[in-house]
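Novice: Below you'll find the structure I mean.
What follows draws every value from the coordinates through simple rules; no lab data is involved. Source: prediction; values computed, not measured. Cβ coordinates were reconstructed from backbone atoms using ideal geometry, including for glycine residues, and neighbour counts include every protein chain displayed.
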Amino acid sequence: MKEPPSLRYAWYVLGILLLAYISSFIDRQILALLVKPIKASFGISDTQMGLLMGLSFALFYTLLGIPIGVMADRMSRKKIIGWGIAIWSLMTALCGVAGSFSMLFLARVGVGIGEAALSPAAYSMISDYFPKKKLGTALGIYNMGVFLGSGLSILIGSAIRSMVGQENIRLPFVGEIFSWQVVFFYIGLPGFLIVLLLQTIKEPKRKELDSGKESANKASFGEIMAYFKANKSTFLSLNFGMAFMSFASFAGTYWIPTFLNRVHGWTDTKAGVTFGVLVSVFSTLGVVLGGRYADHLLKKGITTARMRTSFMGMSVAVISTAGLLFANPDITLVFIALFCFASSFSYGSATAAIQEIVPNNMRAIFSAFFLFVVNLIGLGLGPLSVGFFNDTVFADPQKINYSIFIAQFGGCIISSLLLYIGLSPFAKSTGYLKKHLADA
């Protein structure tokens, strides 16, 4: 059966937003491949490296996400996304001329400022372009950007690093830079092409998921707080449940190439390419299938479909963390692939869950709050925790696998527990939204 033109256009818009999301994660996570050269160039510890990878980016990314979410509920989401892409692309390129740890930290802060604009606005746009029965699948595809970008950042970074060699490079108007810094020019500057491509899409009309009616009303701060208080248990269990999933995921994403290099003696290229392929393939499969499976359960009348799918994924992810304790790298890689699939399976449905329980005029702000919690805990503390454990608890670079295991196992246990607790409140929140729209 052919899809109507409006839905075909929706898939086109989704494709452009996905491309932007992939670009953002390539820019965000390229540091996972550059741990060794950055530490050697600036003489920093694993803890400082964890600050560069996580907290430097997450600091303003999370703080600005909420005011940008308010703007996205009131202003053109397309323009907000366009300015965000331009800023993060420029700041990524500026990482290529940072001459110290402090300058690189500040440039990473700038990347976070730009990327804060994307997802709250994108979630809201996608929810207006797609019907409720396809929303899980659509947001699952959008969230492929997390994992395609993560994997491609390592694959592309490995290729560029091999191409430019180890010698410092002298650039016109800039002077001498470290060879690894060239990577930032290659991955940052193409973002401006995505800004141009974004101009081909239209700002959608704001609609409610269930009724399809246009929503022009702007929610006041009091209305937003009242809605949050009425659904507090749902929002807290879902947001913090996914935050600790993200904590476990980023702890591995940023440090596993280093683990393969230090513990198993793999070259940077071999470690980067192998892990990049695992993330690109298994995490992408997980996030798409998680969204589709949640849609399937929803069609069968299971109101907690999104939350249940997330809980199922994290229950499997807990078991998969044990792979880091095996001495055989082949066995470890099997478990890493399972973790990539299971953790992303839960994420594919969680972002749609937020849209399902929130009225249109509050979607971007609640998405921003979701991303605030998820990224402050996940991205801000996940990579940092591994560096901290390795420097202070083990004080041994060769014990990096134990540091990753502690972070991942603890994060997965907390995540699965919170998601389970949230099942009953989530069912009540779906009913609350219907009553809210009827009374509006």
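Novice: Put +1 on the Cβ of each Lys and Arg and -1 on the Cβ of each Asp and Glu in the chain; which of F57, S424, I154 then has its Cα farthest toward the positive end of the dipole?
Specialist: S424
Novice: Still on this structure, I have one more. Projecting each Cα onto the charge dipole of region 182-312 (Lys/Arg +1, Asp/Glu -1 at the beta carbon, about the Cα centre), which of S280, Y186, H296 comes out farthest on the positive side?
Specialist: After comparing all options, I get H296.
Novice: What do you get for Rg/Rh over the chain if you use C-alpha atoms and the Kirkwood form of Rh?
Specialist: Checking Rg against Rh, the ratio lands at 0.97.
Novice: Can you tell me how much longer the chain between K207 and V281 gets when fully stretched, taken as 0.36 nm per residue apart minus their C-alpha distance, in nm with one decimal?
Specialist: Full-extension gain reported as 23.2 nm.
Novice: Let me ask another. So what's region 323-405 giving for Cα Rg divided by 2.2 N^0.38 Å, two decimals?
Specialist: Region 323-405 yields a ratio of 1.47.
Novice: Take peptides 51-62, 79-90, 340-351 and line them up by average Cβ neighbours within 10 Å, highest first, as a rough protection proxy.
Specialist: Final packing ranking: 340-351, 51-62, 79-90.
Novice: Express in nm, to one decimal, how much length is gained between A40 and L189 on full extension, taking 0.36 nm for each residue of separation and deducting their alpha carbon distance.
Specialist: 51.1 nm
Novice: Related question: Work from the charge dipole of the chain (Cβ charges, +1 for Lys and Arg, -1 for Asp and Glu, about the Cα centre) and give the residue of L7, G110, F42 farthest towards its positive end.
Specialist: L7
Novice: With respect to the cross-link table entries K79/K229; K78/K232; K36/K270; K133/K434; K202/K299, which display a Cα-Cα separation exceeding 20 Å? Let's see the in-between values first.
Specialist: Values: K79/K229 31 Å; K78/K232 30 Å; K36/K270 14 Å; K133/K434 16 Å; K202/K299 30 Å.
Long pairs (Cα-Cα over 20 Å): K79/K229; K78/K232; K202/K299.
Novice: Moving on to the next point. Calculate for the chain the 222 nm mean residue ellipticity that helices alone would give, adding -39,500 (n - 2.57) per DSSP H run of length 4 or more and normalising by residue count, nearest 500 deg cm²/dmol.
Specialist: -24500 deg cm²/dmol
Novice: Can you list, largest first and rounded to whole Å, the semi-axes you get for region 195-336 by taking the square root of 5 times each eigenvalue of its Cα gyration tensor?
Specialist: That gives 38, 21, 16 Å for the three semi-axes.
Novice: Over every pair of different alpha-carbon atoms in region 284-364, take the mean of 1/r and invert it; report that Kirkwood radius in Å.
Specialist: Details: mean 1/r = 0.0745 Å⁻¹.
With all distinct Cα pairs of region 284-364 included, I get 13.4 Å.
Novice: Follow-up question, since we're still on this one. Over all distinct alpha-carbon pairs, what is the Kirkwood Rh of region 283-440 in angstrom? Walk me through the numbers before you get to the answer.
Specialist: Numbers: mean 1/r = 0.0587 Å⁻¹.
This gives a value of 17.0 Å.
Novice: Okay, next question. Where the centre of each part is set by its Cα atoms, how far does region 304-319 sit from region 231-267, in angstrom?
Specialist: Cα centres, region 304-319 to region 231-267: 15 Å.
Novice: To check my understanding: the extent here is largest minus smallest coordinate of the Cα atoms along each principal axis. What are those three numbers for region 75-179, in Å, largest first?
Specialist: 54, 30, 22
Novice: Taking only complete DSSP H runs, can you tell me which helices of the chain stretch 20 Å or more along their own long axis by Cα positions and average at least -1.0 on the Kyte-Doolittle scale? Write out the running numbers ahead of the final one.
Specialist: Numbers: long enough: 5-29 (36 Å, 0.72); 56-72 (24 Å, 1.79); 77-95 (27 Å, 0.91); 101-115 (21 Å, 1.32); 144-164 (29 Å, 1.54); 232-264 (45 Å, 0.53); 284-299 (23 Å, 0.44); 305-320 (23 Å, 0.78); 329-356 (41 Å, 1.06); 363-388 (36 Å, 1.75); 400-421 (32 Å, 1.61); 423-439 (25 Å, -0.36).
Long hydrophobic helices here: 5-29, 56-72, 77-95, 101-115, 144-164, 232-264, 284-299, 305-320, 329-356, 363-388, 400-421, 423-439.
Novice: Tell me the label-point distance for the pair K229, A427, using the 7 Å Cα-to-Cβ offset, in nm and rounded to one decimal.
Specialist: The two pseudo-label positions are separated by 2.7 nm.
Novice: Between I404, I331, I30, which gets the highest mean-square fluctuation from a Gaussian network model of the chain, Cα cutoff 10 Å?
Specialist: Highest fluctuation among the options: I331.
Novice: Could you work out how much longer the chain between T47 and I413 gets when fully extended? Use 0.36 nm per residue separation minus the Cα distance between them, nm to one decimal.
Specialist: Result: 129.4 nm gained on full extension.
Novice: Separate question: Roughly how big is the chain's charge dipole about its Cα centre, with Cβ charges of +1 (Lys, Arg) and -1 (Asp, Glu), in debye to the nearest 20?
Specialist: 1280
Novice: Related question: What's the magnitude of the charge dipole for region 326-440 around its Cα centre, counting Lys and Arg as +1 and Asp and Glu as -1 at the beta-carbon? Answer in Debye, nearest 20.
Specialist: So the dipole magnitude of region 326-440 works out to roughly 440 debye.
Novice: Another question, then. Calculate the all-directions average of the projected area of region 358-398's alpha-carbon convex hull, and give it in nm².
Specialist: 3.3
Novice: Nothing charged except the Cβ atoms of Lys and Arg (+1) and of Asp and Glu (-1): what's the magnitude of the dipole of region 1-113 about its Cα centre? Round to the nearest 20 debye.
Specialist: 240
Novice: Taking the mean number of other Cβ atoms within 10 Å as a proxy for protection, how do you rank 112-125, 265-278 from highest to lowest?
Specialist: Details: 112-125: 27.4, 265-278: 19.4.
The peptides rank, most packed first, as 112-125, 265-278.
Novice: Right, next: Return the Cα extents of region 241-297 along principal axes one, two and three, sorted largest first, each rounded to a whole Å.
Specialist: So the three principal-axis extents are 45, 22, 11 Å.
Novice: Mind ranking 417-429, 389-401 by how tightly packed they are, going by the mean number of other C-beta atoms within 10 angstrom, highest first?
Specialist: 417-429, 389-401
Novice: At a Förster distance of 41 Å, what's the computed FRET efficiency of T392 paired with V174, Cβ-Cβ distance as r, to 0.05? Display every interim value, and only then the final one.
Specialist: Numbers: r = 37 Å, r/R0 = 0.91.
My answer for the efficiency is 0.65.
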